[in-house]
Amino acid sequence: MPMIQDDLVILVPDNNLEHGISSLLRRPQAMGIHSITCKIYIHMHRDPGCLRESHNFLRPFPQSFRYALVLFDRHGCGRDDSPVGCLEEEVRSRLSRCGWNDRADVVILDPELESWVWSDSPKVNECLGWSGRNPGLQAWLRQEGLWQSGEIKPKDPKTCLEKALQQVSKPRSSGIYAQLGASVGIERCTDPAFARFKTILQRWFSS
């Protein structure tokens, strides 16, 4: 039987999430965990693949990794109207039955990865090319009707990101997510899925 060699295997739907997660895991102290060894894979069928096929993708790995984590967007997964908790339990149950038992978990970003972008950190403006602009990024999004007054986050975070980048002629790239993951204060992100992501990592790899 192969010996466990690494701490964590992660399955994600695309390069953007892969870059963001990689940057976050290079900040273990900020995440409240010790340094870990990790391998991140991208599912070729993106969000629907992570929802329906993650157990098959990760089936070969229970003897090589201590834990497994699956992350994907609710929006675009093919079951957009299903409750996040039900989808997470469905995927977690399949992972358990294929050999992971209680060593695997699931985080569904609701509605999508861009929900993690929008915090009050000035680093968001910097990473998106809005440093020194007037009005500031959040004020501009509110003026454009993309972020309603009183909302902690915009209802359509991906559209907000795309419109903001278009305004400053900055191409959307995986590198932006890497910069955000490397620089934005962890405590400033109040998204429930991000909080769940941190809690899982801290349960497994508490510093």
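So the values come out like this:
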read-out: Single residue of segment 1-12 satisfying the filter (aliphatic (A, V, I, L, M) and either in a loop (DSSP other than H, G, I, E, B) or farther than 26 Å from His75 by Cβ (or both)) that is modelled with the highest pLDDT; value: Ile4
read-out: Enumeration of residues in segment 141-157 that are part of a helix (DSSP H, G or I) and under 19 Å from Glu112 (Cβ atoms); value: Leu141, Pro157
read-out: Check on Arg97, out of contact with any helix residue (DSSP H, G or I) (no Cβ under 8 Å at 6 or more places or on another chain), in contact (Cβ under 8 Å) with a residue 40 or more places away in the chain and surrounded by fewer than 18 Cβ atoms within 10 Å (Cβ to Cβ); value: no
read-out: Hits in segment 13-43 - residues which are closer than 22 Å to Ile108 by Cβ, assigned to a helix (DSSP H, G or I), in contact (Cβ under 8 Å) with a residue 40 or more places away in the chain and not charged (D, E, K, R); value: Asn15, Asn16, Leu17, His19, Gly20, Ile21, Ser22, Ser23, Leu24, Met31
read-out: Criterion violated by Leu71 - all others in (1) without any contact (Cβ under 8 Å) to a residue 12 or more places away in the chain; (2) assigned to a strand (DSSP E or B) satisfied; value: (1)
read-out: Positions within segment 158-180 being basic (Lys, Arg) and either over 29 Å from Leu25 (Cβ atoms) or not in a helix (DSSP H, G or I) (or both), in sequence order; value: Lys163, Lys170, Arg172
read-out: Residues within segment 149-175 that are under 23 Å from Pro192 (Cα atoms) and of a type in the set (Val, Ile, Thr), tallied; value: 2
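The values are calculated or read from the model by the stated rules, or taken from the named source; none is laboratory data. Just so you know, these numbers come straight off a predicted model, no measurement behind them. Cβ coordinates were reconstructed from backbone atoms using ideal geometry, including for glycine residues, and neighbour counts include every protein chain displayed.
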